[in-house]
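Structure below; questions to follow.
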Amino acid sequence: MAYSEKVVDHYNNPRNVGSFTKDTPGVGTGLVGAPECGDVMKLQIKVNLDTGMIEDAKFKTFGCGSAIASSSLATEWLKGKTVDEAAKIKNTDIVNELKLPPVKIHCSVLAEDAIKAALADYREKHAPADARASSE
Amino acid sequence: MDHFEVFGLPRRLGIDAAELQRKFYELSRRGHPDFHQGALPERQAEILEASARLNAAYRALRDPIGRIEYLVRLEEGRDTREGATVKPKAPPELLEEMFEIQESLQEAQSSSQPGGLEAGARATLAAHRERLLARHQKEEHRLRGPLSEAWDSGGAAERADVITAFKEALAARAYLRTVIDDIDEALGEVREGYVSHRRH
């Protein structure tokens, strides 16, 4: 199958590969898998606790070129966004940017799942004390 | 017409392989395009279509696991494996474990010598592989045995649960299989009778 130029670029030069220590303050971790193909993807965000901005993001994906490219692109998009803005990233945005063919759409879904999981993990660990108090 | 209907079969998983093959040959002979060369063009097109449908149905049903994958798609009204409405939840431990093995595999590869992986790393990976293969087999036995039987004997309510269980077992199998394939590739080994399913 022919990959688009952007997929090949991310595959050959993946951005932000690596990981943060899970327990570092501000870090949210998402680990997800694609049952269709068995790919696994870990995506992490590091939020600046003063500004609420995602200042860094990292990923590690064991999967096909499209899965690697989708997560690589996702980490680029995450940086500089707030947690709420990051939640708006949709798999269709990734499909359009990378020109993924229909059989690879699940790779972009995986990346969106990973973002959501990382954000949820961050929120769970860092729910502001006052928000926690007010919801009780 | 779904693939079961092509063979005049109910939507059941307990299909005798020899019987299916016999039916396939019989239907193939009867509908082979070569026997209908004198027919009208319109009829010939129909015959060709039926022949293609028969081949597709046989491919989908002959392997017991493939049959389950097809059944799940059919029950969910999908044509392809893309677009599952509800994704099966993978146990987090399984994903963690697969991820960790993949990481150790990657480390072994990056510290390998021109001659290949270090002996210690090879042994560790081979041990992982044996363990994962045993689990992979267990998932397949569960799919082909108790779960398939539960589908065949269950009513509508049980069947909905069986579909969920099928999806989970198929997903677990896919995760295991992917890592097994990757280890095999790293070790430079290909096993007989085991078809790699991946990847690009």
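Given the criterion at pLDDT 95 or above and of a type outside the set (Ser, Thr, Tyr), identify the matching residue among B:Pro64, B:Pro33, B:Pro41.
B:Pro64
Something else: Go through (1) touching a residue at least 12 places away in the same chain (Cβ under 8 Å); (2) surrounded by 13 or more Cβ atoms within 10 Å (Cβ to Cβ); (3) closer than 26 Å to B:Ala18 by Cβ and name the single condition B:Pro88 misses.
(3)
If I ask for residues that are within 24 Å of B:Tyr70 (Cβ to Cβ), without any contact (Cβ under 8 Å) to a residue 12 or more places away in the chain and over 20 Å from the mean Cα position of the chain (by Cα), which ones from the stretch B:10-45 would you list?
B:Pro10, B:Glu19, B:Arg22, B:Tyr25, B:Glu26, B:Arg30
If we scan the stretch B:48-70, do we find a residue that is outside the structural domain of B:Ser148 (by TED's automatic domain parsing), of a type in the set (Val, Ile, Thr), closer than 30 Å to A:Ile105 by Cα and in contact (Cβ under 8 Å) with a residue 40 or more places away in the chain?
yes
Still on this structure, I have one more. If a residue has to be within 14 Å of another protein chain (Cβ to nearest Cβ) and within 20 Å of A:Thr29 (Cβ to Cβ) to count, how many in the stretch A:71-98 make the cut?
Summing the residues that are within 14 Å of another protein chain (Cβ to nearest Cβ) and within 20 Å of A:Thr29 (Cβ to Cβ) in the stretch A:71-98 gives 2.
I need the full set of residues from the stretch B:1-16 which are in contact with a helix residue (DSSP H, G or I) (Cβ under 7 Å, 6 or more places away or on another chain), open to solvent by 30 Å² or more (accessible area, probe 1.4 Å) and part of a helix (DSSP H, G or I), in order please.
Hit for the stretch B:1-16 is B:His3, nothing else.
Right, next: Would you check if there is a residue in the stretch A:70-77 being modelled with pLDDT of 95 or more, in contact with a His (Cβ under 6 Å, 6 or more places away or on another chain) and of a type in the set (Gly, Ala, Ser)?
Yes, the stretch A:70-77 has at least one match.
If you don't mind, there's one more thing I want to ask. Go through (1) open to solvent by less than 60 Å² (accessible area, probe 1.4 Å); (2) in contact with a Leu (Cβ under 8 Å, 6 or more places away or on another chain); (3) within 14 Å of chain A (Cβ to nearest Cβ); (4) within 18 Å of B:Phe4 (Cβ to Cβ) and name the single condition B:Pro64 misses.
Exception for B:Pro64: condition (3).
List the number of the failed condition for A:Asp84; all other conditions in (1) assigned to a helix (DSSP H, G or I); (2) in contact (Cβ under 8 Å) with a residue 60 or more places away in the chain; (3) within 23 Å of A:Glu124 (Cβ to Cβ); (4) open to solvent by 60 Å² or more (accessible area, probe 1.4 Å) hold.
The single condition A:Asp84 does not satisfy is (2).
Which of the residues that make up the stretch A:13-58 are within 14 Å of chain B (Cβ to nearest Cβ) and either over 21 Å from B:Glu97 (Cα atoms) or surrounded by fewer than 16 Cβ atoms within 10 Å (Cβ to Cβ) (or both)?
A:Pro14, A:Val17, A:Gly18, A:Ser19, A:Lys22
Take the residues of the stretch A:71-81 that are without any contact (Cβ under 8 Å) to a residue 60 or more places away in the chain and in contact with a Leu (Cβ under 7 Å, 6 or more places away or on another chain): which is farthest from A:Tyr3 (Cα to Cα)?
Ranking the qualifying residues of the stretch A:71-81, first place goes to A:Ala74.
When the stretch B:177-197 is examined, which residues are found to be within 14 Å of the chain's Cα centre (by Cα) and at pLDDT 90 or above?
B:Arg177, B:Thr178 - these are the residues of the stretch B:177-197 that are within 14 Å of the chain's Cα centre (by Cα) and at pLDDT 90 or above.
The values are calculated or read from the model by the stated rules, or taken from the named source; none is laboratory data. Since the structure is predicted, the reported quantities are computational estimates derived from the model, not experimental observations. Glycine gets a Cβ as well: all are built from the backbone with ideal geometry, and neighbour counts include every protein chain shown. Areas reflect the complete protein model, heavy atoms only, side chains present, ligands, DNA and RNA absent. Shrake-Rupley method; radii C 1.70, N 1.55, O 1.52, S 1.80 Å.
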